[in-house]
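Here is the structure we will look at, set down as structure tokens.
The values are calculated or read from the model by the stated rules, or taken from the named source; none is laboratory data. The model shown is predicted, which means the values in this text are computed figures rather than measured ones. Counting neighbours? That spans all protein chains shown, and the Cβs are built from the backbone with ideal geometry, glycine included. Please note that ligands, DNA and RNA were not included when accessible areas were found on the heavy atoms of the full protein model with its side chains. Shrake-Rupley method; radii C 1.70, N 1.55, O 1.52, S 1.80 Å.
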Amino acid sequence: MASLVGSRVERKEDKKFLTGKGRYTADINLANQTYAYFVRSPHARASISKVDVSKASNAPGVVKILTGDDLAEDKIGGLIAGWKIVSQDGTDMKVPAHPPLANNTVNYVGDHVAVVIAETLDQAREAADLVRVDYKVLKAVVKTSDALNSKPIHEGIDKNLCFDWGLGDKSKTDEAFSKAEKIIKIDLVNNRLIPNAMEPRASIGDYNPSSENLTLYTTNQNPHLTRLVLSAFCAIQPEHKFRVVAPDVGGGFGSKIYPYAEDAVIAWTAKKIERPVKWVAERTESFLSDCHGRDHITHAELAVKNDGKIVGLKVETIANLGGYASLFATVTPTYLYGPLVLGLYDIPVAFCNVKAVYTNTTPVDAYRGAGRPEATYMIERLVEKAAKEMGIDRAEFRSKNFISKFPHQQCLVHNIDSGDYSAHLNKALELSDYKNFENRRTESKSKGKLRGIGFSTYLEACGIAPSAVVMSIGAGVGLWESAEIRFNATGNISVFTGTHSHGQGHDTTFAQIVSDKLGVPIENIDLVHGDTDKGPFGMGTYGSRSLAVGGTAITKACDKIIDKGKKVAAHMLEAKPDEIDFKAGEFIVKNSNKKKTIGEIAFACYLPGQYGEIKSPLPEGVEPGLKETAFYDPVNFSFPAGTHICEVEVDQDTGETKVVAYTAVDDFGTVINPMIVEGQVHGGVVQGIGQALYENARYDESGQLITASYMDYTMPRANNLPELRIDYTSTPATSNPLGVKGCGEAGAIAAPPAVMNAVIDAIDIDISMPATSEKVCNALQKNKKNNKEAA
Amino acid sequence: MQRVSLVINGNKVSREIEDRTLLSSLLRDILSLTGTHVGCDTSQCGACVVLVDGKSVKSCTLFAADIDGSKIITIEGLANNGKLHPIQEALKKHHGLQCGFCTPGMVMSVVDLLKNKKNPSDQEIRDWLKGNICRCTGYQNIVAAVKEAASKM
């Protein structure tokens, strides 16, 4: 059997999706089901004196209306921030209560006030209009830049400051700056984004009063953690009587990592009324209530020697958390951001300060890349600016500062095991035909277009990380992963993973690994995930962790299967276990032709005996069955890196900016399925192009989200994009046995600075993301006017 | 309420429905044809595209009552006796889908394109697909799949 690892194996999961047989949460309908509709705050900030449900309760078809008072009466707990951050002065972060239904105050437009349950969705929606809420509208804090100077929106949280966190050696950094030959400064805004998975969120609660078991079907990236939070913190249902199922999930990008208020309310309500309750978000509800991403304001400075060698970095960031602290909201702008501000450069000293603030906007949490796109945007814009100001070629400036020896202990946190940054830079220079760029610029100019080129050489940290380490710096849970390999008696295999696939193709990639390890045909291997009743507790999918951590757990479980198989095979073949080799699905006695297939071993393990003779194929002390579980705690992060080069053309009259060429050369270590990895890069890069050119969550002064539909929030469409050039280099990770590094977020991390550096190179004006036609056009007009006045 | 009679995937269907019932709702909620998805409610994303009398249409903004007597093909009815349509085959081969949510609408949209254009160029494909949003793939492999499907039809 040929090796599958490294092959473009077509996806096992595709057929159901191509024929309309996918089963997403909204596709599930249960007998006797009711429908939920949420009453949401139309105000960004208000206190609530009364929620009057009397009229709504009498509306046709209404089964139940529940409010924050009912929630409090049932002692349902609030949603949590799962990572404790400690401020520079030693104080703990400040986190406001976050009840799933508002308790006297609302803190963003879309905040949850009440839930109406009715026999039909239309009846629920109509009755929701009759719920009368007495709001006293309060002055909202909307802008990130206003938060620190505004009155607190949450009682007792002075300056709206959740924490003031520092990383690095401030005094050494100040010293490096005092001696610097050149200091390059930059001010940046990392625009607020809305993840917009194509499947709107949905939840269905189903309580069985006989067994007292509660099931929650939900659009979620990590069902076990959702169950843990809803059980341990919200106190809805004990964990052992609570099943969370995340069936087919239509994209996540981070926005479906968390248990949301709707999940808590739907689970609790279903239990309360003892009937299934179904809720499916309308798209505008998704815009208002799915966690948003990014939203940073940053000032950064780079200390450089005249020869272009970087000697220090200072970063000051204000990160907007929105109205409450969501589950991973506090780690995203700290430990997922701060350590990465160094990029892939050898920078001897650095200091990063992050102030996280509350505003009356939708909570912000991890979105594809989570902290790393923000860090990469900062350092790559800064480095490009430094190269330009110092008259050094952008590639040469970067190359001069690359980390070149591995392992490399960075001055902040990370110990990078492997990489070859010149290799991907050089390959990208060649593929993008960098040396002839100026000719292309001239050619564009002859057509009246401004052409620019931009680079992004990025580093990311995936596969987070030893549990003891992350818990020592505030994580509420460990970040290990589980796997179970369950052979069936007939020789086929169910593989259980604690990760979750919602587009990444785990059903295929993980089966490729198992097929190679155990020598079982891929069609006889089935991946099971997304159901807390089926597999062991796992930590879900985010942070490009699934293959590096989950894949390793699977590998380890396979190793245990092989170990047991050797014992059984040795007994059956009358040899010693250490005389048995395992290869391509066969246990073979060394230097002989005596062998047993793994299928025969599985059969013997489940049917250990034969007619007419009392004789077991299992050696003494070996239990029947062939099923092994492994938990893997990573020993380090993995460190993908790469070079992305973007070329844009700007129409001087309209400001329309088009990406005309895009080259990505990434080092993901070992690649299991190149076809799937390419797909991840395409998707990530396009989301990054979206951030750079189109996407922006905009609030008006009162805190109304004015980009709350696909009519108003622009995402890349097929006709906005060029054909991307994708290639790889590979330095296998040393921190996991597969040598894999993670590829899911790289594109979204690398692309925004590559595109913006290109835009700025084209128009020679510093503008912020997104570089919309309007913004670029205005900048060009203003420049023209200024130039005229100066002349 | 009114009675609507349609032929859906070759089967005659007749139902008494509310006037406000959208075609997407008739398909998903009343007929349990959940392969047609609703992604945006504003006819922007195209996850809900089906063929009505051979033309690709966004079913989330069409009253079922307005198309009484029409023939409808949904994603469930595209494969012919288990044989996938060339675009379904090509999307699998070229990894033109990831989470699969936009896929049914994307497929139905492409079926309409390929009926009217024998060998569309990259740009023609990209322009046609601007009414179908995919958040996962970056469209590149979808374009490749459409080209291949065109060559096989």
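Which one of these is without any contact (Cβ under 8 Å) to a residue 12 or more places away in the chain and outside the structural domain of A:K556 (by TED's automatic domain parsing): A:A733, A:A758, A:A718, A:A748?
Values: A:A733 fails: without any contact (Cβ under 8 Å) to a residue 12 or more places away in the chain; A:A758 fails: without any contact (Cβ under 8 Å) to a residue 12 or more places away in the chain; A:A748 fails: without any contact (Cβ under 8 Å) to a residue 12 or more places away in the chain.
Checking each option against the conditions leaves just A:A718.
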| Test: A:A97 is surrounded by fewer than 20 Cβ atoms within 10 Å (Cβ to Cβ) and not assigned by TED's automatic domain parsing to the domain that holds A:A56 | no
| field | Lone unmet requirement of (1) more than 14 Å from every other protein chain (Cβ to nearest Cβ); (2) in contact (Cβ under 8 Å) with a residue 12 or more places away in the chain for A:E73 | value | (2)
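Looking at B:K55, B:K93, B:K147, B:K71 in this structure, which one is facing another protein chain (nearest Cβ under 10 Å), of a type outside the set (S, T, N, Q), in contact (Cβ under 8 Å) with a residue 12 or more places away in the chain and open to solvent by 40 Å² or more (accessible area, probe 1.4 Å)?
On the way: B:K55 fails: facing another protein chain (nearest Cβ under 10 Å); B:K147 fails: facing another protein chain (nearest Cβ under 10 Å); B:K71 fails: facing another protein chain (nearest Cβ under 10 Å).
None of the other options fit; the residue is B:K93.
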| request: Could you tell me whether segment A:243-254 includes any residue that is surrounded by 22 or more Cβ atoms within 10 Å (Cβ to Cβ) and among the aromatic types (F, W, Y)? | output: yes
| request: Output the residues belonging to segment A:27-40 that are crowded, with 24+ Cβ neighbours inside 10 Å and within 11 Å of another protein chain (Cβ to nearest Cβ). | output: none
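Can you find a residue in segment A:361-382 that is open to solvent by 30 Å² or more (accessible area, probe 1.4 Å) and either without any contact (Cβ under 8 Å) to a residue 12 or more places away in the chain or in a helix (DSSP H, G or I) (or both)? Talk me through it step by step, then tell me what you get.
Our first condition is that a residue be open to solvent by 30 Å² or more (accessible area, probe 1.4 Å); within segment A:361-382, this holds for none.
Within segment A:361-382, not a single residue is open to solvent by 30 Å² or more (accessible area, probe 1.4 Å) and either without any contact (Cβ under 8 Å) to a residue 12 or more places away in the chain or in a helix (DSSP H, G or I) (or both).
Of all strands (runs of 3 or more DSSP E) completely enclosed by segment A:270-329, which ones contain at least 3 residues that are over 28 Å from A:D206 (Cβ atoms) and of a type in the set (K, R)? Please lay out each step first, then the result.
Details: elements: A:277-280, A:293-304, A:310-322.
In segment A:270-329, there are no strands (runs of 3 or more DSSP E) which contain 3 or more residues that are over 28 Å from A:D206 (Cβ atoms) and of a type in the set (K, R).
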| request: Read through the list (1) open to solvent by 10 Å² or more (accessible area, probe 1.4 Å); (2) in contact with a helix residue (DSSP H, G or I) (Cβ under 8 Å, 6 or more places away or on another chain); (3) hydroxyl-bearing (S, T, Y), then give the number of the only condition that A:T670 fails. | output: (2)
| task | Go through segment B:108-121 and give me each residue that's out of contact with any Ser or Thr (no Cβ under 8 Å at 6 or more places or on another chain) and either facing chain A (nearest Cβ under 7 Å) or not in a helix (DSSP H, G or I) (or both). | result | B:K117, B:K118, B:P120, B:S121
| So is B:H37 on the phi > 0 side of the Ramachandran plot and within 8 Å of chain A (Cβ to nearest Cβ) or not? | no
| field | Test for A:T654: is it in a loop (DSSP other than H, G, I, E, B) and either hydrophobic (A, V, I, L, M, F, W, C) or farther than 30 Å from A:P407 by Cα (or both) | value | yes
| Which one of B:C134, B:C99 is within 9 Å of another protein chain (Cβ to nearest Cβ), touching a Leu at 6+ places or on another chain (Cβ under 9 Å), under 16 Å from A:M198 (Cβ atoms) and not in a helix (DSSP H, G or I)? | B:C134
| Candidate set: segment B:8-33, residues that are touching a residue at least 24 places away in the same chain (Cβ under 8 Å), open to solvent by 40 Å² or more (accessible area, probe 1.4 Å) and away from every other protein chain (no Cβ under 11 Å); chosen: the one farthest from A:N29 (Cα to Cα) | B:G10
